[in-house]
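The values are calculated or read from the model by the stated rules, or taken from the named source; none is laboratory data. Note that the structure is a prediction, hence the values are computed from the model and not measured. Here Cβ is always computed from backbone atoms with ideal geometry, including for glycine, and neighbour counts include all displayed protein chains. In case anyone asks, the SASA skips ligands and DNA or RNA and just uses the protein heavy atoms, side chains included. Shrake-Rupley method; radii C 1.70, N 1.55, O 1.52, S 1.80 Å.
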Amino acid sequence: MIAVFLISTAQILFAQEKQEIKQSQETIHVVEDIDSSKTDSVTVSAQNKMISKSSVSYYEGNKNKLSTSTEDKEPVNKNRNVMAVGYQIGGFTLIGINLEYRISDVLGLHGGVGFTGYTLGVKLHTNKQKNSPFFNLSYKDGGLGVIDAAALEFGGRWVWNKKNDLGLHYQFGIAKILEIDEAFERDFFGDEGAPNAMLSIGVGVSW
């Protein structure tokens with residue numbers, strides 16, 4: 001009887017110990033599942049943050065590209081050529097017309113004719129805008145051979161109407177006389193004769 005009792009007791013204790021081990025293993029699995037869930041949550045959160053940052057970067061990048069593209073597509077001026085009409089425009093003239101053809105952002109070639117005279121020259125602009133100030137190096141004729149000079153002038157435009165780009169055209173500087181008719185020199189400058197250099201101006205309207 002004692003042996004049976006001891007065997008039964010041992011079986012009961014063994015069963016209890018086995019049950020406790022099983023419960024401990026289940027607890028460990030639950031903890032591992034919780035930790036895994038937390039890790040997954042942290043991973044998902046990190047991924048979401050990365051996606052959010054990527055979205056912001058993508059948006060900012062596209063925004064900058066769009067802005068740059070828009071700026072690049074906006075022309076400084078569709079047509080930067082300038083037509084001018086006025087006094088001593090197109091040479092040493094009472095009234096003349098002059099056309100400048102812009103061949104680059106800062107360089108323009110121009111020529112003009114008027115009553116009576118003509119001019120040819122090069123304009124160096126200070127920036128790429130149509131209405132930028134400029135330096136004008138030109139050959140100017142007056143009276144079709146009566147007086148010829150090489151002039152260096154500074155000029156610009158004051159636009160009144162931006163819609164049609166109409167505005168004041170002005171230029172002033174000095175001119176080196178290259179040739180002059182003797183009779184004209186005597187009549188215009190007197191007995192002292194023509195100076196080596198004289199004032200060169202031009203004023204009118206341009207568009």
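Computed quantities for the displayed model
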read-out	value
Selected residue [open to solvent by 50 Å² or more (accessible area, probe 1.4 Å) and either within 19 Å of Arg80 (Cβ to Cβ) or without any contact (Cβ under 8 Å) to a residue 60 or more places away in the chain (or both)] from Ala183, Ala197	Ala197
Residue in the range 113-120 that is out of contact with any strand residue (DSSP E or B) (no Cβ under 7 Å at 6 or more places or on another chain), more than 17 Å from Asn79 (Cα to Cα) and either open to solvent by 30 Å² or more (accessible area, probe 1.4 Å) or modelled with pLDDT of 95 or more (or both) present	yes
Condition met for Ala151 (open to solvent by less than 40 Å² (accessible area, probe 1.4 Å), among the hydrophobic types (A, V, I, L, M, F, W, C) and within 17 Å of Tyr87 (Cα to Cα))	yes
The range 122-170: number of residues that are aromatic (Phe, Trp, Tyr) and in contact with an Asp or Glu (Cβ under 9 Å, 6 or more places away or on another chain)	3
